[in-house]
Amino acid sequence: MELEDQEGLGRYNVAPTQEVLTVKGDPEGAGREAVIARWGLVPVWAKDLNAGYKMINARSEGLLKSRAYGPLVKKKRHRCLILADGFYEWMKAENPKEPRQPVRFTVDGGEPFAFAGLTTTREWEGEDLTSCTIVTTSANDVVGRVHDRMPVILPDPETEQAWLAGELSPEEAVSLCRPLDPDRMEAKPANPAINKVGGMKEGPEMLEAPAE
């Protein structure tokens, strides 16, 4: 999975280990704060940044039992929103010599939305490093045509606030991580140019498949 159209970053093809825009609850309880984070969680015990490649997603079913994610989901300061207005998955081509076809998924006609995420900050080479992961769940009927998993898209502002706030138990927080109503989602072919991150200047042309 890759993200597209990261709100505030002007991105159309965000790949793992790149920066994403997250939102956390203010520790003082006065509101929310925007934080740029590295996509791919780098836990405190990781000896190098390559750990982040393996921790771009966190399966909701195993959050509470996970050595890496369990302690994070239990504390509100580690729960975050990851903002986007679309994401990609890939369909295998019938001809194995052809590139995979990216499919762009949007919500409510292209409106911005928030993934449920987990974040942590640690020291790395003398500076603070904030990283994050996206929580995933089983795919709904729209995403399921392409992939058996999908990111947890929080359905409304109330659920977003509940994910960030500390009133819920860890089990209740995890219970929010469900597939989004498929009636709110749409899937369209995207430009295969996104298969190569950094291969071309990003722009709106990324969002549509080129004409035959």
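Using R₀ = 22 Å, calculate the FRET efficiency as 1/(1 + (r/R₀)^6) where r is the Cβ-Cβ separation of residue 122 and residue 32; round to 0.05.
Numbers: r = 22 Å, r/R0 = 1.00.
Result of the calculation: an efficiency of 0.50.
Give me the percent of the accessible area of the chain that comes from carbon and sulfur atoms, probe 1.4 Å, all protein chains in place.
On the way: 5340 of 11030 Å².
Reported share for carbon and sulfur atoms: 48 percent.
Let me know the charge dipole size of the chain about its Cα centre in debye, to the nearest 20, where only the beta-carbon of Lys, Arg (+1) and Asp, Glu (-1) is charged. Walk me through the numbers before you get to the answer.
On the way: 26 positive and 35 negative charges, 201 e Å.
Once rounded to the nearest 20, the dipole reads 960 debye.
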Handout entry: Gain upon complete extension [residue 47, residue 209; 0.36 nm per residue less C-alpha separation]
Key = 54.3 nm
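Stokes-Einstein D for the chain at 20 °C, 1.002 mPa s, Kirkwood Rh over Cα pairs, in µm²/s?
Numbers: Rh = 17.6 Å.
Translational D for this selection: 122 µm²/s.
What is the total of Lys pairs in region 1-146 with C-alpha atoms under 19 Å apart, excluding same-chain pairs fewer than 8 positions apart? Walk me through the intermediate numbers first.
On the way: 24/74; 24/75; 24/76; 54/65; 65/74; 65/75; 65/76.
Close lysine pairs found across region 1-146: 7.
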Fill in the blank from the handout: Per DSSP, the loop-located trypsin sites (Lys or Arg not before Pro) within region 97-146 having at most 15 other beta carbons within 10 Å are 97, 100
Problem - Per-residue HN-Hα couplings for region 34-44 [Karplus 6.51, -1.76, 1.60; θ = phi - 60°; Hz; x = Gly/Pro] - result: 8, 9, 7, 9, 7, 6, x, 5, 10, x, 4
Handout entry: trypsin sites (Lys or Arg not before Pro) within region 149-212: DSSP coil, no more than 14 neighbouring Cβ in 10 Å
Key = 196, 201
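Counting only heavy atoms of protein chains, what accessible area per residue, in Å², does region 7-83 have with a probe of 1.4 Å? Present the calculation step by step, with values, prior to reporting the outcome.
On the way: 4110 Å² over 77 residues.
Dividing the accessible area of region 7-83 by its residue count gives 53 Å².
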Fill in the blank from the handout: Taking the dipole of the chain about the Cα centre (Lys, Arg +1; Asp, Glu -1; charges at Cβ), the one of 60, 190, 153 that reaches farthest to the positive side is 60
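The values are calculated or read from the model by the stated rules, or taken from the named source; none is laboratory data. These numbers come from a predicted model, not from an experiment. Because the Cβ atoms are built from the backbone with ideal geometry, glycine has one as well, and the counts that use them run over all protein chains shown. With ligands, DNA and RNA removed, areas are computed over all heavy atoms of the protein, side chains included. Shrake-Rupley method; radii C 1.70, N 1.55, O 1.52, S 1.80 Å.
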